[in-house]
């Protein structure tokens with residue numbers, strides 16, 4: 001959505017999509033705005049509770065069935081398994097995505113890994129297409145005039161013109177650009193605590209082949225899941241930057257992570273976005 005700075009300031013029903021890598025401050029900002037009566041829409045929460053709920057539970061049940069004690073209880077309906085996903089606890093989504101590689105280290109075979117990646121891809125598209133409906137629900141059911149879409153870090157990977165168009169039509173897209181210092185910190189954090197990630201299939205195929213060649217590996221089952229994530233994250237990070245920038249250039253506005261971290265309340269955010277609009 002394109003607005004002048006004054007139009008944005010006067011916009012009663014402000015709706016913003018936050019775009020950027022995980023760790024740049026999107027969720028911190030969304031939590032802060034919740035205290036000022038903004039509706040917090042978490043794309044990852046919607047993915048986990050609506051579109052991947054059954055696959056996540058199937059994965060958990062599959063693991064539980066490997067334990068004889070739990071297997072018997074599940075088969076005779078003595079227990080049931082349910083997700084407890086919250087906006088602050090999205091771990092079940094991560095565990096479903098999983099990591100690629102050696103099964104003895106918890107890794108997934110390539111075909112299963114790609115199947116889960118594609119399910120996540122389609123779920124994220126659907127979650128972003130749901131944003132306009134949730135803006136309306138937030139207003140008409142819950143009485144929220146303002147809406148913040150805390151989008152996942154992989155939204156730039158969707159390759160879905162329809163989803164991006166829906167976000168651009170109904171929200172102001174704000175790209176949070178990591179400063180060089182924050183880039184280093186995000187990479188350091190990802191390498192010290194490697195987490196499951198979403199990859200475009202072409203990116204995965206190319207970088208997996210490069211990693212295996214460097215490590216002189218013949219089979220994906222020889223790949224160390226955590227080591228691959230540590231190796232690939234800087235490449236993934238840098239591959240996403242031009243994608244974020246392209247979306248912001250066509251549909252939105254850009255602020256730096258330093259500018260965002262300086263924001264302490266709603267009024268300061270409004271003025272930061274107004275400045276971003278004026279300098280665009």
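The values are calculated or read from the model by the stated rules, or taken from the named source; none is laboratory data. All values derive from a computational prediction rather than experimental measurement. FYI the Cβ positions are ideal-geometry reconstructions off the backbone, even for glycines, and counts take in every protein chain you see.
Just a few scattered comments:
- For segment 22-39, a residue qualifies if it is within 26 Å of residue 241 (Cα to Cα), out of contact with any helix residue (DSSP H, G or I) (no Cβ under 6 Å at 6 or more places or on another chain) and not in a helix (DSSP H, G or I), and exactly one does: 22.
- Test for residue 217: is it touching a helix residue (DSSP H, G or I) at 6+ places or on another chain (Cβ under 9 Å), surrounded by 15 or more Cβ atoms within 10 Å (Cβ to Cβ) and within 24 Å of residue 164 (Cβ to Cβ): no
- Pick from segment 85-101, criterion in contact (Cβ under 8 Å) with a residue 40 or more places away in the chain and not in a loop (DSSP other than H, G, I, E, B), ranking: surrounded by the most Cβ atoms within 10 Å (Cβ to Cβ): 100
- In segment 148-173, the residues that are assigned to a strand (DSSP E or B) and closer than 19 Å to residue 94 by Cβ: 150
- The one condition from (1) out of contact with any strand residue (DSSP E or B) (no Cβ under 9 Å at 6 or more places or on another chain); (2) closer than 30 Å to residue 251 by Cα that residue 34 does not meet is (1).
- Set side by side, the residues 228, 233, 237 differ, and just one is in a helix (DSSP H, G or I) and either farther than 23 Å from residue 152 by Cα or without any contact (Cβ under 8 Å) to a residue 60 or more places away in the chain (or both), which is 233.
Condition check ((1) free of Cβ contacts under 8 Å to residues at least 60 places away in the same chain; (2) surrounded by fewer than 19 Cβ atoms within 10 Å (Cβ to Cβ)) across all residues:
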| residue | (1), (2) |
| --- | --- |
| 83 | yes, yes |
| 103 | no, yes |
| 112 | yes, yes |
| 119 | no, yes |
| 127 | no, no |
| 132 | yes, yes |
| 140 | yes, yes |
| 146 | no, no |
| 159 | yes, yes |
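- Inspection of segment 262-275 finds no residue satisfying the criterion of being at pLDDT below 95, in a helix (DSSP H, G or I) and farther than 27 Å from residue 201 by Cα.
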